[in-house]
Amino acid sequence: MSGKRETTPHRQRRQSSGLAGWWRQHREWVAGLDRRQKLRYRLFQTLVILSVLVIGVWLGLKMWMKLPEIPDPSGGTGTTQGEGEPNFDGAELPDVAKSGRRPGVYTFLLVGQDTAGGGNTDTMLLITFDSKAKTVHGMSLPRDTMINTSRKGSGHRLNAVYNFNKGSDPDTQLVNGVTALKKEVGKLTGIVPDFYVVVQWEAVGRLVEAIGGVHFEVPFDMDYDDPTPGQDLHIHLKKGYQELNGEQAMGLIRWRHNNDYSVQYPNGDLGRVQTQQAFLKAVAAECLKPEILLKVTSLAEIFMENVSTDLSLGNLLAFAQLAVGMDAEQDIQFITMPNQDAHYPRVSMVLPVVDELLAALNDGFNPYVDQIRASDLQVLVRNSDGSYSVTGGTLLDETLSRPRGGGSSSGGGQTADEPEAPEEELPDPDGSQVLPPDGSQTLPPDGSQELPPDGSQEQTPDGSQGGGQTVPPSESGGDSSLPEPGGSQDAGNGETGQQPEPPAEGGASTGGTEGSEGMTVSELPDWLNPTGLEPAA
């Protein structure tokens, strides 16, 4: 009996020192609390559990949200944080790339595709994010930029690169097309973009809906209808500051002119590009608000369904974290690549203005240690005799090296002493029309269709022309496609990038500085007319 009495306290001590004993004592302690003490204890217990969960989620996100490694476009391994793969091998790197990278600076190629228009890359932006300085610089690259390639005719256009190189295998088309496009952007700017983001433009409307609308100043009364199958496009917006929903936002960035041309951008397609840039800043301002975190789930869903990229969702969230505290108005800047008419026979294209381009690149875009120079670019330049040369590298289309007369051609056509266009024109991948050999026809301000050579027929609001020929709105080749940056279809207004107004009765060109309400250029929003001056006639 004595042995049993000796072992019982020992067993009790062992139980009380274990987890079961602790839990029993804890329950006895809780049972001894009064009602108010129990309420406080339960609240404290809940807060502790929530804190542990939050810390766990935060640690998990920190491990998942990481910056990508900057790929080495020469085909080597990446150079900075994280894991990554080179985007393409055997790239021709400019000398400036060998000077090294500025820390915390990342570059992207943002591409907008119109799925209804054959997947054309009509919107291309080079974007540089300086995470140290907290700045974003975006440069719209005109779709009609003339590039150094062995192809002829419309194949010289920048927006032809993707389709010409994507191949026939659906599994590799995206990588092939984007890889070639990044390489061409590197030749134009000296900057081979680190990463790409390809957006189906339908996502813009869904994004605007997800963030609850965007406030924006609509510069004109916009009225355009294209009821044709496959388009069913109807744009009806009133001038003024207002909140736009997703459908209205899509109409804003697609509009170029009213059906009867009574209202249009005074500076042609360049005006639409500037509106798109201003709208992107307005969207960015909404996305930088703290309350956007409550909508991150729906935004992520839109991203996964409508965006193709070589960045992971964790990479994008890491970049978003770096952008916290940025001011969209002060820290985000958009410009259009400085350009001028290329005067290429029979095809409307533009060339970069090298000096102005270099100044812009070295003022916020350059991710390298050294300054970008003309020798780092492979930009086509039109010489005084009408031939073309390259700032760096070799001219790939030998037919461009022969003189074409000393004068400048208007509307992308030929001067009287220019020879015929070289060899056979390739089909234009975006379906736009080319100018006739004599350069006599004039494109409307959006470059959408050709008017008669004598300019005597006037297009009526229903799309018909004076000679009885009917041109349905869908054949305009313009409003059926989504935004193209940077003064595409430039019809020959030299370095101004402006496009001619539709011919008035008798073929005379109008000044085009007033819309249906008599609004002058000086009354436009600042982003459409930063100088406050009327354009030259």
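When the residues of region 304-328 are filtered to those that are of a type in the set (A, V, I, L, M, F, W, C) and in contact (Cβ under 8 Å) with a residue 60 or more places away in the chain, the one that is surrounded by the fewest Cβ atoms within 10 Å (Cβ to Cβ) is Val307.
Matching residues to (1) assigned to a strand (DSSP E or B); (2) closer than 20 Å to Gly112 by Cα; (3) free of Cβ contacts under 8 Å to residues at least 12 places away in the same chain:
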residue	(1), (2), (3)
Val198	yes, yes, no
Ala203	no, yes, no
Leu207	no, yes, no
Asp223	yes, no, no
Thr228	no, no, no
Gln231	no, yes, no
Leu252	no, yes, no
Ser262	no, no, no
Asn267	no, no, no
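Identify the residue in region 173-211 that is within 23 Å of Leu280 (Cβ to Cβ) and of a type in the set (Ser, Thr, Tyr) and, among all such residues, is surrounded by the most Cβ atoms within 10 Å (Cβ to Cβ). Of everything passing the filter in region 173-211, Thr189 is surrounded by the most Cβ atoms within 10 Å (Cβ to Cβ). Residues in region 219-235 include at least one that is of a type outside the set (Phe, Trp, Tyr) and at positive phi.
Assess whether Asp310 counts as being of a type in the set (Asp, Glu) and in contact with a strand residue (DSSP E or B) (Cβ under 6 Å, 6 or more places away or on another chain). The answer is yes for Asp310.
Checked against the criterion of being modelled with pLDDT of 90 or more, over 28 Å from Leu351 (Cα atoms) and touching a helix residue (DSSP H, G or I) at 6+ places or on another chain (Cβ under 9 Å), the candidates Gly104, Gly82, Gly100, Gly138 yield just one match: Gly104.
Considered as a group, the residues in region 224-280 that are acidic (Asp, Glu) and over 17 Å from the mean Cα position of the chain (by Cα) include one that is surrounded by the most Cβ atoms within 10 Å (Cβ to Cβ), and that residue is Asp226. Of the residues in region 375-394, not one is under 24 Å from Leu126 (Cβ atoms), within 20 Å of the chain's Cα centre (by Cα) and either surrounded by fewer than 17 Cβ atoms within 10 Å (Cβ to Cβ) or free of Cβ contacts under 8 Å to residues at least 24 places away in the same chain (or both).
Can you work out which of the residues in region 350-372 that are part of a loop (DSSP other than H, G, I, E, B) and touching a Pro at 6+ places or on another chain (Cβ under 9 Å) is farthest from Asn267 (Cα to Cα)?
Checked region 350-372; the qualifying residue farthest from Asn267 (Cα to Cα) is Ile372.
Looking at region 373-406 only, could you name the residues that are of a type in the set (A, V, I, L, M), under 18 Å from Asn339 (Cα atoms) and outside any strand (DSSP E or B)? Answer for region 373-406, where residues must be of a type in the set (A, V, I, L, M), under 18 Å from Asn339 (Cα atoms) and outside any strand (DSSP E or B): Ala374, Leu377, Val379.
The values are calculated or read from the model by the stated rules, or taken from the named source; none is laboratory data. Predicted model, so just to flag it, every value in this text is computed and none were measured. Positions of Cβ are generated from backbone atoms using ideal geometry, with glycine treated the same way; all protein chains shown enter the neighbour counts.
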